[in-house]
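Worksheet for the structure shown next.
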Amino acid sequence: MRKTGKIGQISFIAVGLWMCALPFVGMFLAPTDSTTENRELAAFPDIIADGEWNLNFLQEMGAYFEDHFAFRQELVSIDAIIQSKAFGVSNAESVTVGKDGWLYYSSTTEDYLGRNLMSERSLFNAAHNLSLVQQYVQEQGASFVFTVAPNKNSLYGEDMPYYLQKKAGNVRNMDLLRPMLENHGVSYVDLFALFQRQEETLYLKRDSHWNQKGAVLAYDALLDYIGVEHDDYETVKAVRQKDAYGDLNKMLYPLAAEPEWDYDFQKADRFSYQTRTESVEDAWIETENPQGRGSLLMFRDSFGNTLLPLMANTFSKGYFSRGEPQNIGALMETYCPDAVIIEKVERNIAEFAQNPPLLESVAVNLEEKESAGKEPAPQEKETLSGSAGVLLEIAECKENTAYWMVSGVLDEAYCAEDVRVYVKITDGGQTVAREAFTVTTEESDYGYCLYLCKDRIFHDYVGIQIFVESGGKLREVRAEDVKLQ
């Protein structure tokens, strides 16, 4: 009896140790090398880093094991099913479990609750920067339109979980940005109002995006706005198919995601890919359609995945970019499109204030503004390099080395809500003034930046003058000769 009990105890311990070791041992046979979560898996750490012992090796090894242990996807799926079905919560930080099986992208929660709203100046920066992009595009002879894809819970928030129902207010960033866009004259298609007028739900239940009918609705609105003749899908048969595996669905249940109903419009594609395209998620895609008309340059995010085939079936040439910041100047010069569309999801609209698109803005005539009323700068102008002056930095642009980037932050003396910034560049005997993007940084809402094409700068030293305009008054606030290097 005693012997049998001892054998049982040893067996129990052995099984327990084997179960604990299985995820580690299994890494050699069936490691986890991919994930449906919206992030990269941890890499195997180096014992020696930069010629020295890696003191964080054990910590990094722990992170590697957490991401790669065997059967991770299976165990995550089982845990997610238990937590979501039994307790109505999510085991994935990126996914919020709502009522009746609805899933929401967690990064949209702040917008939904009306928290952490953009400042008045940051909203100005976003609208102002888009207006400069529009001005540049139209100067190149192309039509321009900007749109925002609504967060799912902005349209269908009634199934958000009960513990997220207490809002700071009913005003969201888009409610504040919309009138700013109108004041700046930005060509904008309001998809919020359009989707809210539809009786049918046009977003997927377990995905963060619109369904195929929603994509067609947005497609119609955008091309109607810029006056481009396009296909009418009202008469095209749409077959319901239960084959949509939503992004949130796969994030939460890596191996247990269930398909949901979506629509498949019975219309053959007329375009072909001109790039080695693996999926519509690719960062750069070119299309060609012999039956199409005109050309399109579209800057988009994942909401553009379902728009891309629709646009490609319309235009003879399609150029689709997911690059950030948008490399508008170089792509406009290379492809000379007839139309430019910028689409951005609601949760990311602050990026237009923080990381302006890449282009050399249109030249402006400062003499006209000076004649309207130029004022001398306050005393701070005498301090050109001190902390009390307007900060100025010139460096090669990291995102596109074909540009110099002039950037800085305004002194508090010039921080009015409507202030605009101009940069005058003297290159040898040539002088040109351009309006700068206004930028929100971690330290201030009163940053600025201007991109200068290297090909159009011919001397090592250039003269830089910074002007600010507010209330109809123009002030020169800094002047300096700078060596480009």
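The values are calculated or read from the model by the stated rules, or taken from the named source; none is laboratory data. Worth saying up front: this structure is predicted, and the values here are computed from it rather than measured. Positions of Cβ are generated from backbone atoms using ideal geometry, with glycine treated the same way; all protein chains shown enter the neighbour counts. Quick note on the areas: whole protein, heavy atoms, side chains included, nothing else; ligands and nucleic acids left out. Shrake-Rupley method; radii C 1.70, N 1.55, O 1.52, S 1.80 Å.
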Segment ASP232-ALA43, length gained on full extension (0.36 nm per residue, minus Cα span): 63.2 nm
Apportionment of accessible area to carbon and sulfur, region 306-360, percent (1.4 Å): 43
Under the Debye formula (equal points on every Cα, no solvent term), log10 I(q)/I(0) of region 281-349 at q = 0.18, 0.25, 0.29 Å⁻¹: -0.62, -1.15, -1.43
Inter-site label distance for ALA395 and LYS166 at 7 Å from Cα along Cβ, in nm: 4.3
Hits among lysines - C-alpha to C-alpha of LYS424 under 20 Å, sequence gap 8 or more where chains match: LYS369, LYS374, LYS381, LYS454, LYS473, LYS483
Region 399-474, accessible surface, carbon-and-sulfur percent (1.4 angstrom probe): 47
Inter-centroid distance (Cα atoms) of region 415-456 relative to region 246-302, Å: 37
Accessible-area composition of region 158-269, carbon plus sulfur, in percent [1.4 Å probe]: 44
Distance in nm between pseudo-label sites at GLU368 and ARG293 (7 Å out along the Cβ direction from Cα): 3.4
Solvent exposure of region 192-277 as accessible area per residue, Å², 1.4 Å probe: 55
Separation of alpha-carbon centers, region 113-177 and region 207-245, rounded to whole Å: 22
Pairs beyond 22 Å (Cα-Cα), from LYS250/LYS317; LYS237/LYS344; LYS205/LYS242: LYS250/LYS317; LYS237/LYS344
